[in-house]
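Only one structure is covered here, and it is reproduced in the block below.
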Amino acid sequence: MAKVYKIAVIKGDGIGPEIVDEAIKVLDALASVYDFDFRYNELLMGGNAYDITGDPLPQETIDGCKEADAILFGAIGGEKWDNLPREKRPESGLLRLRSELDLYANYRPVKVYDELIEASTLKKEVVEGVDLLVMRELTGGIYFGQPREKGENKAFNTMVYSKEEVVRIAKEGFEAAMRRDKRVCSVDKANVLEVSQFWREIVEEVAEAYPEVTLSHMYVDNAAMQLVRNPKQFDVILTGNIFGDILSDEASMISGSIGLLPSASVGGRVGLYEPIHGSAPDIAGQGIANPIATIASAAMMLRFSFGEESAADRIEQAIEQVLREGYRTRDIADYGAKEICSTTEIGSYIAEYVSKI
Ligand code: IPM
Ligand code: MG
């Protein structure tokens, strides 16, 4: 009997719909190989949701996500909505969803595909073999801290972490390290911020339960520098919400294109899987977006939410094979392209390999 998996699908804005469609194409190809029955439920979030309902995160979307086994998400946002009040902006929809679903742990793995090593702006020797994970706390810190205010003459936000919040993300980081190279580098700004001193103390406490894992600490400014100086020194980078936001964008360039990197946000019952890039409104609708990050996010969904390790591997192998054979979207066309492909062509090649491998 087919295994049923209920997937809430949020395509979002800009290139979101195009790239999510390709991930669904690949999932459908996989479904026939493994006898999976994927049931998709399409839901609105972001600017498009605001345009239709007046709310970037309609209640129906929250309910639909809570009923699903996992959420596959594209991207949201665009200039069109930039002048809305904060709570109406597309980004607020995503932040509220993360919070509603308790998705406090954000996995942002950075791996270099050998075929694309030249695509990195960094030297080959520096990036070759990089395999790191940014473990970003996602539902706390300055993104959510109260009080917050934007007044006439001043504005402020609050960077706050409770013990419980640090303990749970630190555990997630150490657990991830146990499955990897057993090294955690906790990134903070403890030379200036009390909240970071606190973070550091709690991380030290949690570390006691993981004697096999080597723990180090680094200030965030230094970490930003070390990521481009010698990224191979990192295994798991454990950090708070805003530092993780910044460092993961920086780390993505190690791989050559932000269009390649997936992410998983977990913690609550239902995980959310999305590319780390944004909605790229400037190229939306042109069929040139790179769907690989979203397809790789679908692989993470299979692994994390459904425990379908071999199916996840299969998608990742298909991506590698397509790159090896020289199929490229425009963003990476300068690096070993045999054929420059549209968004849908790349999706179709990956889907084909998924069935063939
Ligand atoms: C990300 C994005 C979001 C964030 C935005 C869209 C709210 O940059 O997922 O990294 O800052 O978390
Ligand atoms: Mg970001």
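The values are calculated or read from the model by the stated rules, or taken from the named source; none is laboratory data. Here the structure is a predicted model, which means the values were calculated and not measured. Neighbour counts run over all protein chains shown; Cβ positions are idealised from the backbone, glycine included.
Checked against (1) under 19 Å from the mean Cα position of the chain (by Cα); (2) away from ligand 2 (no atom under 16 Å from the Cβ); (3) assigned by TED's automatic domain parsing to the domain that holds Leu101, Pro275 passes all but condition (2). Pairing each residue of the stretch 117-140 that is over 20 Å from Leu101 (Cα atoms) with any residue that is aromatic (Phe, Trp, Tyr), provided the two are 6+ apart or on different chains, yields C-beta distances under 6 Å for Glu118/Tyr335; Ala119/Tyr335; Leu132/Phe234.
Scanning the stretch 334-349 for residues being among the small types (Gly, Ala, Ser) and either assigned to a loop (DSSP other than H, G, I, E, B) or free of Cβ contacts under 8 Å to residues at least 40 places away in the same chain (or both) gives a total of 3. The set of residues in the stretch 123-143 being among the hydrophobic types (A, V, I, L, M, F, W, C) and buried (at least 19 other Cβ atoms within 10 Å of the Cβ) consists of Val127, Val130, Leu132, Leu133, Val134, Met135, Leu138. How about the stretch 174-192: which of its residues are over 16 Å from Lys232 (Cβ atoms) and part of a loop (DSSP other than H, G, I, E, B)? Answer for the stretch 174-192, where residues must be over 16 Å from Lys232 (Cβ atoms) and part of a loop (DSSP other than H, G, I, E, B): Arg179, Lys189, Ala190, Asn191, Val192.
Within the stretch 318-339, the residues that satisfy the criterion of being at negative phi and either surrounded by fewer than 16 Cβ atoms within 10 Å (Cβ to Cβ) or among the acidic types (Asp, Glu) (or both) are Glu320, Arg324, Glu325, Asp331, Ala333, Asp334, Ala337, Lys338, Glu339. Of the set (1) small (Gly, Ala, Ser); (2) crowded, with 19+ Cβ neighbours inside 10 Å; (3) out of contact with any helix residue (DSSP H, G or I) (no Cβ under 6 Å at 6 or more places or on another chain), all apply to Gly151 but (2). Does the stretch 212-228 contain at least one residue that is assigned to a loop (DSSP other than H, G, I, E, B), crowded, with 20+ Cβ neighbours inside 10 Å, in contact (Cβ under 8 Å) with a residue 60 or more places away in the chain and not assigned by TED's automatic domain parsing to the domain that holds Ser265? Checked the stretch 212-228: no residue is assigned to a loop (DSSP other than H, G, I, E, B), crowded, with 20+ Cβ neighbours inside 10 Å, in contact (Cβ under 8 Å) with a residue 60 or more places away in the chain and not assigned by TED's automatic domain parsing to the domain that holds Ser265. When you scan the stretch 223-239, how many residues do you find that are within 16 Å of ligand 2 (Cβ to nearest atom) and either of a type in the set (Asp, Glu) or under 15 Å from the mean Cα position of the chain (by Cα) (or both)? Looking only at that region, the number is 2.
Let's see how each residue does on (1) within 16 Å of ligand 1 (Cβ to nearest atom); (2) under 15 Å from Lys123 (Cα atoms):
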{"position": "Asp221", "(1), (2)": "no, no"}
{"position": "Asn230", "(1), (2)": "no, yes"}
{"position": "Phe234", "(1), (2)": "no, no"}
{"position": "Gly244", "(1), (2)": "yes, no"}
{"position": "Asp249", "(1), (2)": "yes, no"}
{"position": "Ser252", "(1), (2)": "yes, yes"}
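Of all the numbered requirements in (1) within 16 Å of ligand 1 (Cβ to nearest atom); (2) in contact (Cβ under 8 Å) with a residue 40 or more places away in the chain, Ile258 misses one, and that requirement is (2). Return only the number of the condition from (1) modelled with pLDDT of 95 or more; (2) over 24 Å from Glu100 (Cβ atoms); (3) within 12 Å of ligand 1 (Cβ to nearest atom); (4) among the small types (Gly, Ala, Ser) that Ser265 does not satisfy. The single condition Ser265 does not satisfy is (2).
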